[in-house]
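The values are calculated or read from the model by the stated rules, or taken from the named source; none is laboratory data. Values in this document were obtained by computation on a predicted structure and should not be read as measured data. Neighbour counts are summed over all protein chains in view; Cβ atoms, including those assigned to glycine, are modelled from backbone coordinates with ideal geometry.
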Amino acid sequence: MIALIQRVSEAAVRVESEIVGAIETGLLALVAVQPGDTTEKADRLLEKMLNYRVFSDDTGRMNRSLRDTQGGLLLVSQFTLAADTTKGTRASFTSAAAPDVAAERFDYLVSTARQTHPDVACGRFGADMKVSLVNDGPVTFWLEV
């Protein structure tokens, strides 16, 4: 599984003009599922997202995690992160999981996150989403398990 996490001061996801998920300070995570990804990998990715130190401490160093700050976590499915871009000028998506498998793993990730963290929102799997955010820093990391 892949997550592109961004430290944000706010983020929201709209589907057909309706806000379906929003957070204030926290992390926006764009998530891709690859073939062979398991619930165990989803668990590891969630733990990494919750514990990755991306927020500043009192000295200005990135020493605090989402779990430390109790900030929001906005999960958005994005299969294009799994694209193979090594050849030509058009991406191949053979390295992304089939939609039914990806939906199952993404739903598992959201459900587990909601059981583990107090402030979790999400986009709508497979929908045409409009994501808005204010990237704080900017701080962006690629996580892969």
Subject >> Filter result for the condition that a residue is at negative phi and in contact (Cβ under 8 Å) with a residue 60 or more places away in the chain, over 73, 50 >> reply: 50
**OP:** Could you check, for segment 117-128, whether at least one of its residues is assigned to a strand (DSSP E or B), over 16 Å from the mean Cα position of the chain (by Cα) and surrounded by 14 or more Cβ atoms within 10 Å (Cβ to Cβ)?
**Re:** no
Original post:
If you take the residues in segment 32-82 that are of a type in the set (A, V, I, L, M, F, W, C) and assigned to a loop (DSSP other than H, G, I, E, B), which one is nearest to residue 122 (Cα to Cα)?
Top reply: 33
Subject >> Criterion (surrounded by 14 or more Cβ atoms within 10 Å (Cβ to Cβ), in a loop (DSSP other than H, G, I, E, B) and in contact (Cβ under 8 Å) with a residue 12 or more places away in the chain) met by exactly one of 96, 102 >> reply: 96
Subject >> Of all residues in segment 17-47 being acidic (Asp, Glu) and touching a residue at least 60 places away in the same chain (Cβ under 8 Å), the one that is surrounded by the fewest Cβ atoms within 10 Å (Cβ to Cβ) >> reply: 43
**OP:** Could you grab the pairs with beta carbons closer than 7 Å, sequence gap of 6+ or different chains, first residue in segment 134-145 and farther than 15 Å from residue 56 by Cβ, second one at pLDDT 95 or above and of a type in the set (D, E, K, R)?
**Re:** 134/10; 143/48; 145/41; 145/44; 145/48
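For segment 111-122, check the following and say yes or no: at least one residue is touching a residue at least 12 places away in the same chain (Cβ under 8 Å) and over 18 Å from residue 50 (Cβ atoms).
Checked segment 111-122: no residue is touching a residue at least 12 places away in the same chain (Cβ under 8 Å) and over 18 Å from residue 50 (Cβ atoms).
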